[in-house]
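Let me begin by presenting the structure, written as structure tokens, before commenting on it.
The values are calculated or read from the model by the stated rules, or taken from the named source; none is laboratory data. Because the structure is predicted, anything quoted here is derived from the model rather than measured. For neighbour counting, all protein chains shown are included, and Cβ atoms are generated from backbone atoms with ideal geometry for every residue, glycine included. Each accessible area value is taken on the protein alone, full model and side chains, heavy atoms only, with ligands, DNA and RNA left out. Shrake-Rupley method; radii C 1.70, N 1.55, O 1.52, S 1.80 Å.
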Amino acid sequence: GYASEMDNPNLLHLIPSALQNKKEILFGNLPEIYEFHNRQIFLKEIENCIENPELLARCFLKRKEDLQIYEKYCQNKPRSEALWRQCGDSIFFQECQRKLDHKLSLDAYLLKPVQRITKYQLLLKEMLKCSKNSEGTAELEEALATMLDIIKSVNDAMHQIAITGYEGDVSELGKLLMQGSFNVWTDHKKGHNKVKDLARFKPMQRHLFLYTKMLLFCKKREENTDGHEKTASYSFKNSLKMSTVGITENVKGDNKKFEIWYNGREEVYIIQASSVELKNTWISEIRKVLT
């Protein structure tokens, strides 16, 4: 009702110039998601479990790779939303909506895949509640972990798109393993003692992105887009090559802090997580990279 109309020569004059040749940006890989569900293989597999719901988890495990198409869709979503904000009120979309007799505008439908992928894990969580220690529980747990993994990738990717000011190509830094906000103090051996003294007191707020090859430190900025919710962007501050860093797991006096140091402690970054659990998760991910 919208995508095909963008190729309709009769409506060409209504399409705003900012939207021309941007169909892929607006719709992302929606055709791929549509195609996957339209083949109905997944649906049939799920329907086959009506009599044996404990087998449902296998459907998700079997389709793990297929469901990763949602990652791609969500990664493109910020670009799609930016384009919609620019062109959403154009006559072209109003005309399509009128023809379709839809109460909701296109952006409500473009959100559906994002909502869908989060609903799957809720379904699996509910099923787990009902299946304590019964057959198939282990598989359900595995299926849930798989779906949560996809959602984590989606979430990480949405943050990663908002990094600004990084000179290199983020896609060359390896897999994005973790991202999150921390208090950071720095302690540099070189240069003035002043830096060192300041470091003791006021922490910097930094958003960290841990890749297999690099750790990026960014500063989070929130901008109000006209009348819309705040959009966060992360301005790049500095990076550490993972091949040259060391880690100290415990810092005296605070069990939420750990240290990352560079070049034989020439630069030391004291990082404070919001909880001990979060600190431990990050340490174990960093350890994996280092070993």
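Observations on the structure shown:
- Residue 95 exposed (fewer than 15 other Cβ atoms within 10 Å of the Cβ), assigned to a helix (DSSP H, G or I) and either at pLDDT 90 or above or out of contact with any strand residue (DSSP E or B) (no Cβ under 8 Å at 6 or more places or on another chain) (or both): yes
- Scanning the range 127-170 for residues that are farther than 30 Å from residue 222 by Cα and either of a type in the set (Phe, Trp, Tyr) or not assigned by the TED database to the domain that holds residue 79 (or both) yields a count of 0.
- Condition check for residue 20: farther than 27 Å from residue 153 by Cβ and loosely packed, with under 14 Cβ neighbours inside 10 Å: yes
- Filter result for residue 184 (in a strand (DSSP E or B) and either surrounded by 14 or more Cβ atoms within 10 Å (Cβ to Cβ) or of a type in the set (D, E, K, R) (or both)): yes
- All positions within the range 11-26 that are assigned to a helix (DSSP H, G or I) and aliphatic (A, V, I, L, M): 11, 12, 14, 18, 19, 25, 26
- Some residue of the range 257-272 being closer than 26 Å to residue 79 by Cα, among the aromatic types (Phe, Trp, Tyr), at pLDDT 95 or above and outside any helix (DSSP H, G or I): no
- If you go through the range 27-61 and keep only what is open to solvent by 90 Å² or more (accessible area, probe 1.4 Å), outside any helix (DSSP H, G or I) and either of a type in the set (Gly, Ala, Ser) or farther than 30 Å from residue 5 by Cβ (or both), you end up with 48, 50, 51.
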